[in-house]
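Asks: Questions regarding the structure given below will be posed in turn.
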Amino acid sequence: MNASQSFDLAHLWMQGDFVIRGVAILLLIMSITTWSLLVIKGRNLWKLKKQSEGVKQFWHSNSLDEGLKKIGDASSPYYQLVEQGRHADAHHREPNSQLHDGLSRSDWISLCLRSTIDDNQARMNSGLSVLASIGSTSPFIGLFGTVWGIYHALIGISAAGSASIDKVAGPIGEALIMTALGLAVAIPAVIAYNALLRGNRKVLDNVQRFAQDLHAWLLTGARVQAK
């Protein structure tokens with residue numbers, strides 16, 4: 001078998017030991033996880049952006065119930081904010097003495113809305129730490145496979161007693177494939193992490209602005225208008 005044939009991935013798998021195969025399987029799992037998270041989180045982010053389009057129509061509604069229909073279903077953070085704000089306002093008006101009675105109506109509603117925003121933020125950012133971990137560790141995992149492969153290639157060359165270029169290029173090039181595979185896993189993970197983080201930040205900014213307007217409306221009956 002010549003050196004060029006040794007760069008084939010199938011040959012790498014067949015000739016590699018359990019460490020090389022384990023590294024290859026781990027990188028494959030990381031790659032599948034990255035693309036799965038990108039598809040799932042990307043679709044959820046697209047849905048959230050579509051839901052934000054109904055927010056402007058919400059403020060032109062004649063009632064909260066009518067506005068909720070324009071925002072979307074119960075999975076929408078805007079829908080959840082309206083429901084939480086309405087229930088918090090009604091709960092604070094109840095005559096029963098409870099611990100939250102020490103808070104003003106404004107503070108109580110603000111606390112409940114903040115809790116809803118935090119829950120949605122945690123749900124939106126779930127999985128991003130996995131992408132960050134894959135992006136930061138996969139190059140080193142691939143490099144470990146390369147170092148291990150080169151080490152065994154050099155042992156084999158030493159045992160054969162031949163160090164000609166045709167004997168060295170195949171095993172060394174074969175080992176370097178592991179580094180390339182590590183980079184092939186890391187680059188999409190880093191790009192996906194940054195893109196999803198930036199998209200989530202934009203959505204959360206819209207959610208927070210809506211919560212502020214909703215808070216003002218629940219207290220005064222009018223939305224705060226920017227000057």
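Asks: Using the beta-carbon distance between residue 43 and residue 18 and R0 = 30 Å, what value does 1/(1 + (r/R0)^6) give for FRET efficiency, to the nearest 0.05?
Replies: 0.20
Asks: Measuring from label point to label point, each 7 Å out along Cα→Cβ, what is the residue 209 to residue 119 span in nm?
Replies: About 2.5 nm separates the two model spin labels.
Asks: Say R0 is 25 Å: what FRET efficiency, to the nearest 0.05, do residue 143 and residue 36 get from their beta-carbon distance?
Replies: About 0.55, to the nearest 0.05.
Asks: Taking θ = phi - 60°, what integer Hz values does the Karplus form 6.51 cos²θ - 1.76 cosθ + 1.60 yield along region 109-122, in sequence order, with x for Gly and Pro?
Replies: For region 109-122, the Karplus-derived couplings read 5, 4, 5, 5, 5, 4, 5, 5, 4, 5, 4, 5, 5, 5 Hz, x marking Gly and Pro.
Asks: Now for a different question. In nm, give the distance between the simple-model label positions of residue 89 and residue 64, each being 7 Å from the Cα along the Cα-to-Cβ direction.
Replies: Placing both labels 7 Å beyond Cα along the Cβ direction yields 0.5 nm.
Taken together, the values in this text are just the output of simple stated rules run on the coordinates, not laboratory data. Because the structure is predicted, anything quoted here is derived from the model rather than measured. All Cβ positions, even for glycine, are placed from backbone atoms using ideal geometry, and neighbour counts span all protein chains on display.
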